[in-house]
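A quick write-up on the structure given underneath.
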Amino acid sequence: MNIPTNNQKLIKWVKEIEEMCTPDNVVWIDGTKAEYDRMIKIMVDSGIAIPLKKRSNSYLFRSDASDVARVENRTFIASKSKEEAGPTNNWIDPVELKIVMKVLLKGCMKGRSMYVIPFSMGPIGSPIAKIGIEITDSPYVVANMYIMARVGTKVLRVLGDEGEFIPCLHSVGKPLEQGQSDGGQWPCAPIEKKYISHFPEERMIWSYGSGYGGNALLGKKCLALRIASVQARDEEWLAEHMLILKITNPSGKSKYVAAAFPSACGKTNLAMLIPTIPGWKVETVGDDISWMKYGADGRLYAINPEAGFFGVAPGTSMSSNPNAMRSIEKNSIFTNVALTEDGDIWWEGIGYDAPGKLIDWTGKPWVQDKSNKEQKPAAHPNSRFTAPASQCPSIASNWEDPAGVPIDAILFGGRRPSTIPLVHQARSWNHGVFMGSIVGSEVTAATLDVKAGIIRRDPFAMLPFCGYHMGDYFDHWIKVGASSKPDKQPKFFFVNWFRKSKDGNWLWPGFGDNSRVLKWIFERCDGKGKALETPIGYMPTVDAIDRPASVSAEDMKELLSLDKEGWKKELADVRAEHYPKFGSRLPKELLSELEAIEKQLG
Ligand code: OXD
Ligand code: MN
C-alpha cells in the first residue's frame, strides 16, 4: 500500500487502528473527483445509494430507523474528571470508556474497507483552520466528508511531516462475516451500542455504531464544536454554533453578522435570506459553525470551518429558502427524504403536493392523503441534504478568505412565543454574554424527554456542543471580551422571529422580512438606528424598523414593547433554575448583569 505521508505520528495511529479494527484493506482518500465517483459507484452497486434521475450527480440514501439523528444521550464528554465536563454533558470516565469501546472496536471493520480521510476544517492553510484525520469504514461518510470539508492529499501537504492533527475514529459498528454483505441495508449498531465519544484532553474522537450526520461526519459537531471549543478555551479563540452572513446596504457598505440559534430555529434560512427591503443584499459565509479569532487590528475575524451544508430538508422550499433549493440542484446527497416516480426528491413543506406515488424514507410506497391527519410523513422530519457551499447562489465571494471576515454583530435567538421582543441590543460585551447564557427555545416536538411547549435553555445554542463545563465556557467569553477594546468589539443583539399573539398567531412574518431587523442592526453598528434604553438593553423605537405590509401597527408595537412582567418571570427562572446549575463556576459578571436588569425592572 502506498502511504501518501511521512507524518510518523499519523502513520503510527493509522497502523494501530488497522490492527485494532482489522479491515480488509486500507484506502487513503486523495480528494479527487475520480475517487468520489468510485465511492459512489461502490454504494450504487451495493444498492445503498439510489441515483436521482432528475438531479445530476445526486443520490438518495435511506438510513436505519434507529439511526436518523444525533443521539445526545449516547454522546459523551470523557474528560478526566466529571466536574470538567460540567452539568450539561454526559460524562464517562475515559479509562472505563476506552475499555468498553475497545471491546466493540476490536475487529469492527472486518469485511469492510478502512478509509483514511485527511480533512481541513477551514480553508486549507488558514491560520484559523484545523486538520483532522477521520478513519471510517463507511463510504457514505467519505462521500459526505468530500462535500462538508476539504479532504485529501492537499491536506496532507499542509500537515507535513510534523504537523498536528485531531484523530477521529469512526465505525458503523457492523463487522461482516466472510461472504456476508449489507444487502443494500444501512449498516449501524443498535442504539445502546452507539457511542459518540470525545476525549477533550487528548483532542480525540471515537464514534461507534452510527452512520448518520453529526454522529459520523466527525468534522462537524464533534471536532468543529466539541473538541474545538476546548481548544478555543486553551488558545484564546471562539468555536461557536453560529451562522455567518454578510449584509450590504444600498450604498455598498458591508457588515458581517454571526448568529447563534438552537437547532431547528432557521439558521440556514437566515444565512441565505433574500431581503424584502429594496437595495439591501445578504450573502452567505456559513450556516452552522463559526470559528473566531482576534486579528492584528484588534477585531474579531470569523471563518466557516465547513465546506458544505448539511441542512434539514422538510420545510425547505422555493418560498422559505430559494437559495438552499438552488444549492441542491446537483452534486448533492439526500438522506431519508422521499423518492418520486420520476427519480426526484420530495418532502413535507417542499412547496408542492407529492406528485403521484412516492417511496417514503422507510422504502415503502406512499401516496399523499391530505384528509388523513395521522398520515406518517414521507420524509423523515430530520431528513437532510448535503450540498457544496460553493453551489449556493448567495455564497459570498470571500467566504473562503483564509483571514476570515470581521464580525460586526453577534445575534442570539430562539423560538420564544412570548416575552422576548423582536430585537433588543446589549449595553456591553458582558451584557451580550449574559444574553447568550440565557438563550432558550420552545420545544416544538416531543422528541426530547421534555414536553412540547416548554422552554429549553440552550446557552449560546451550545448545549449539546460545548466540550467542557458550561460555567467555564461563559467565563471564557467574558475573558475574550476583557482582552479586546470596546470600540473594536462586535455588538450583541437578541432577536425573536417567533413571537405569537394571544390568539396564537405569528406576529412577525420572518424569512426575507427578517432583513428589516438586520437593517436596524446594521445601523446600530454604524452608530445610527433609533433606540431607547430600557432595563433589558436598547430597543428600537416603534418607527425604527421598516414595517412589512402584513404587520399591523398594533402588532408592531407589541413586537417592540417591553413585557415587564414576562421579563420578571424570565429572570426569576434564570436565577432559580438556570444559573444554579453552574454552581461556583458561574462567572460573577453574569450575576451582576442579572442583578442590574432585575433592579431596573423593579
Ligand atoms: C445541526 C444541529 O444538525 O444543530 O446542525 O443539530
Ligand atoms: Mn447546527
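Points worth noting:
- Normalised by the number of residues in the chain, the average gap of Cα pairs under 8 Å and 6 or more apart makes the relative contact order 14 percent.
- DSSP beta bridges confined to the stretch 98-188 are antiparallel in about 70 percent of cases.
- Computed over the stretch 134-212: relative contact order in percent, which uses C-alpha pairs under 8 Å that are six or more apart: 34
- Peptides 158-164, 492-498 ranked from most to least packed give 492-498, 158-164, packing being the mean of other C-beta atoms within 10 angstrom over each peptide's residues.
- The chain: angle of helix 588-601 to the longest principal axis, Cα-based, in degrees nearest 10: 40
- Entries in K220/K581; K53/K220; K500/K564; K221/K588 that, when Cα-Cα distance is taken, lie over 22 Å: K220/K581; K53/K220; K221/K588
- Antiparallel beta bridges, as assigned by DSSP with both residues in the chain, represent about 70 percent of the total such bridges.
- Cα long-axis angle, helix 94-105 against the chain (0 to 90 degrees, to the nearest 10): 40
- Shape parameters for the chain, alpha-carbon atoms, Rg then Dmax in Å: 23.8, 74
- Cβ-to-Cβ counts within 10 Å put K564, K110, K599 in ascending order as K599, K564, K110, the fewest first.
- In terms of other Cβ atoms within 10 Å, W567, W206 run from fewest to most in the order W567, W206.
- Every helix of 4 or more DSSP H residues in the chain counts as -39500 (n - 2.57), and over all residues that averages to -7000 deg cm²/dmol at 222 nm.
- For trypsin sites (Lys or Arg not before Pro), the sites in the stretch 299-396 that DSSP calls loop and that have at most 12 other Cβ atoms within 10 Å are K370, K373.
- With each label modelled as a point 7 angstrom along the Cα→C-beta vector, the Q8-D342 pair spans 6.2 nm.
- Gap separating the Cα centres of the stretch 507-546 and the stretch 145-218, nearest whole Å: 44
- Multiplying the residue separation of D487 and D369 by 0.36 nm and subtracting their alpha-carbon distance yields 36.7 nm.
- For the chain, the longest principal axis of the alpha carbon atoms and the long axis of helix 564-573 meet at an angle near 40°.
- Filtered chymotrypsin sites (Phe, Trp or Tyr not before Pro), the stretch 323-411: DSSP coil and at most 10 other beta carbons within 10 Å: Y352
- q = 0.13, 0.24 Å⁻¹: log10 I(q)/I(0) that the Debye formula gives for the stretch 309-391, counting C-alpha atoms only: -0.37, -1.21
- The stretch 374-482 - Rg over Rh from alpha carbon coordinates, Kirkwood radius: 1.03
- Charge context of Q185, other residues only, Cβ under 10 angstrom, K/R +1, D/E -1: 0
- Distance in nm between pseudo-label sites at E533 and E554 (7 Å out along the Cβ direction from Cα): 3.4
A short reminder: the numbers here are calculations on the coordinates, not readings from a lab. Given the structure is predicted, the values throughout are model-derived calculations rather than measurements. So basically every Cβ, Gly included, is an ideal-geometry build from the backbone, and we count neighbours across all protein chains shown.
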